[in-house]
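**Q** Below: one structure in C-alpha cells.
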C-alpha cells in the first residue's frame, strides 16, 4: 500500500507537489489515514461528490463527524483557494488532527511540471514531501500539452523519457531547499507502463536521480487510483 511505502508514522504533514494525479493521491491518503485533514497553499478543485470530504471555510477547521474536512479560504468558481503557510502551521500546532494533507501547487492537469520562482509553497513543518510525475507523459513530446510551464526549459519537442527527468534534475528543477522531512518522487499511473519498462531500467533511473536530487529519499512507481506500489527504489 502507498501509505506503507511513504513510511507515514502516527503524525504527519504531507505536502504533494507536481503533476500527474497528486490530488487523487491526496484524497487517497486522507481516507487511508485516521483523523486527517486536507488543505492547500494554492487553488484546487472541489472533491467529487462521492468522496467522504466536506469543505470547511478557514478559520474553521472541523466539519461533520465521520467526514474529512477540506479547509479553504475562498471559493473561486469551481475551485477553492487554500490557506497560507502560517495557517497550515497553525493546523499542525493545534494537534487536533494526526495527519494534514497539503497540496503545494497546481499543474493545470498536466502530468509533468516545471516550477517558476516562488513555487511550490511548502509548509516548513512538512514531514513528507512527495514530488509527483504522471507516467502518461512518457513517450510524448515536450510542450504545452504535457508539461506545465514547458517554456522554462529548452527541451522543445524532445521525446520525454527517464533521461528527460535526469536532465531536469541536473538543472535543479526538483531541488527544494529547506525541506527537513523525507522527500519522495512518485511516478504515478505506473499501471499503464508496467509492461513497458524493465526492472534494470527502473533501478538505474532510481539510483541516478537519487544521486542528482539533493536529499531524495525514495522513488516510488505507483498508481494512486489502484492504491498500489509496483517498485520502491
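The values are calculated or read from the model by the stated rules, or taken from the named source; none is laboratory data. Treat the numbers as computed from the prediction; the structure is a model and nothing was measured. Positions of Cβ are generated from backbone atoms using ideal geometry, with glycine treated the same way; all protein chains shown enter the neighbour counts.
**Q** Would you list the strands (runs of 3 or more DSSP E) that sit entirely within the stretch 121-233 and hold 1 or more residues that are more than 25 Å from residue 40 (Cβ to Cβ)?
**A** 216-223, 228-232
**Q** Would you please name the residue that is surrounded by the most Cβ atoms within 10 Å (Cβ to Cβ), looking only at residues in the stretch 18-77 that are without any contact (Cβ under 8 Å) to a residue 24 or more places away in the chain and in a strand (DSSP E or B)?
**A** That would be 56.
**Q** Within the stretch 213-226, take every residue that is buried (at least 18 other Cβ atoms within 10 Å of the Cβ) and closer than 23 Å to residue 171 by Cα and give me the one that is farthest from the chain's Cα centre (by Cα).
**A** 213
**Q** Then there is this: Looking at the stretch 72-97 only, could you name the residues that are touching a strand residue (DSSP E or B) at 6+ places or on another chain (Cβ under 7 Å) and more than 22 Å from residue 176 (Cβ to Cβ)?
**A** Scanning the stretch 72-97 gives 72, 73, 74, 76, 78, 79, 80, 81, 97.
**Q** Does the stretch 160-177 contain any residue that is more than 26 Å from residue 27 (Cα to Cα), out of contact with any helix residue (DSSP H, G or I) (no Cβ under 6 Å at 6 or more places or on another chain), at pLDDT below 95 and exposed (fewer than 14 other Cβ atoms within 10 Å of the Cβ)?
**A** yes
**Q** Report whether or not residue 199 is under 17 Å from residue 133 (Cα atoms) and either in contact with a helix residue (DSSP H, G or I) (Cβ under 6 Å, 6 or more places away or on another chain) or touching a residue at least 12 places away in the same chain (Cβ under 8 Å) (or both).
**A** no
**Q** For residues in the stretch 82-97 being over 21 Å from the mean Cα position of the chain (by Cα) and in a loop (DSSP other than H, G, I, E, B), which is modelled with the highest pLDDT?
**A** 96
**Q** With respect to residue 101, determine if the residue is modelled with pLDDT under 95, within 23 Å of residue 8 (Cβ to Cβ) and either surrounded by 21 or more Cβ atoms within 10 Å (Cβ to Cβ) or more than 17 Å from the chain's Cα centre (by Cα) (or both).
**A** When the stated conditions are applied, residue 101 does not pass them.
**Q** Is the stretch 140-163 home to any residue that is within 30 Å of residue 9 (Cα to Cα) and in contact with a strand residue (DSSP E or B) (Cβ under 7 Å, 6 or more places away or on another chain)?
**A** There is no residue in the stretch 140-163 that is within 30 Å of residue 9 (Cα to Cα) and in contact with a strand residue (DSSP E or B) (Cβ under 7 Å, 6 or more places away or on another chain).
**Q** Here's another thing I want to ask about it. Residues in the stretch 104-126 that are surrounded by fewer than 15 Cβ atoms within 10 Å (Cβ to Cβ) and on the phi < 0 side of the Ramachandran plot: how many?
**A** 3
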